[in-house]
Amino acid sequence: MTSKKVWDPFVRVFHWSLVVLMTANAFVLDDESKTHQWVGYAVAVLVMARLVWGFVGPHYARFSSFPPSAKASVEQLADIASGRKTIHLGHTPLGALMIYNLLAAILVICVSGHLMTTDAFWGEEWPEELHEAAVTWVELSVLAHVLAVILESLRTKVNLPRAMITGYKRIP
């Protein structure tokens, strides 16, 4: 096994902080509470910081290291279907699509949640409907993400959750 430093501390703290805050807002805190709103603002700040880090952070954190690619995603699906094991040090092509999906959808949650607190949208239903739809989308996406991480870890023999904790991928 070769051990390779991949995830920097910011990416790992961002990831696990987002997990905790989103879980709290989705399943623990009262939707009508001020705490729910403040946690939402904290999530927005985290995502904005991650967007900046995607341009100035180290190699594997940069968006340029995992551009969205339909072709590469189809190739990864073909690898999975055929049993080929291509090891990616950073994000896989499908993982990259999931990251862009989650960042965008979480921003929609944050913006729509904020709009629900403003006088300009008082009584309007669409911000709340958008907020709820985006929350459902993120919940489904997170479920798909977790399942994919488990399956890819088993398939490639690379413990992806461990890498997101330690920062190091152990490559067979």
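General remarks:
- Selection from region 1-11 of residues that are assigned to a loop (DSSP other than H, G, I, E, B) and surrounded by 13 or more Cβ atoms within 10 Å (Cβ to Cβ): Val6, Trp7, Asp8
- The single condition from (1) loosely packed, with under 12 Cβ neighbours inside 10 Å; (2) modelled with pLDDT of 95 or more; (3) of a type in the set (Phe, Trp, Tyr) that Trp137 fails is (1).
- When Ala26, Ala61 are checked against the criterion of being under 21 Å from Thr166 (Cα atoms) and either basic (Lys, Arg) or out of contact with any strand residue (DSSP E or B) (no Cβ under 9 Å at 6 or more places or on another chain) (or both), Ala61 stands alone in meeting it.
- Selection status of Gly167, on the phi > 0 side of the Ramachandran plot and touching a residue at least 24 places away in the same chain (Cβ under 8 Å): yes
Yes/no matrix, rows are residues, columns are (1) out of contact with any strand residue (DSSP E or B) (no Cβ under 9 Å at 6 or more places or on another chain); (2) surrounded by fewer than 16 Cβ atoms within 10 Å (Cβ to Cβ); (3) of a type in the set (A, V, I, L, M, F, W, C); (4) assigned to a helix (DSSP H, G or I):
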residue: Val13; (1), (2), (3), (4): yes, yes, yes, yes
residue: Glu32; (1), (2), (3), (4): yes, yes, no, no
residue: Ser73; (1), (2), (3), (4): yes, no, no, yes
residue: Lys85; (1), (2), (3), (4): yes, yes, no, no
residue: Asn101; (1), (2), (3), (4): yes, no, no, yes
residue: Ala104; (1), (2), (3), (4): yes, yes, yes, yes
residue: Cys110; (1), (2), (3), (4): yes, no, yes, yes
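The values are calculated or read from the model by the stated rules, or taken from the named source; none is laboratory data. Remember, it's a predicted structure, so these values are computed and weren't measured experimentally. Note: ideal-geometry Cβ built from the backbone for every residue, glycine included; neighbour counts use all protein chains shown.
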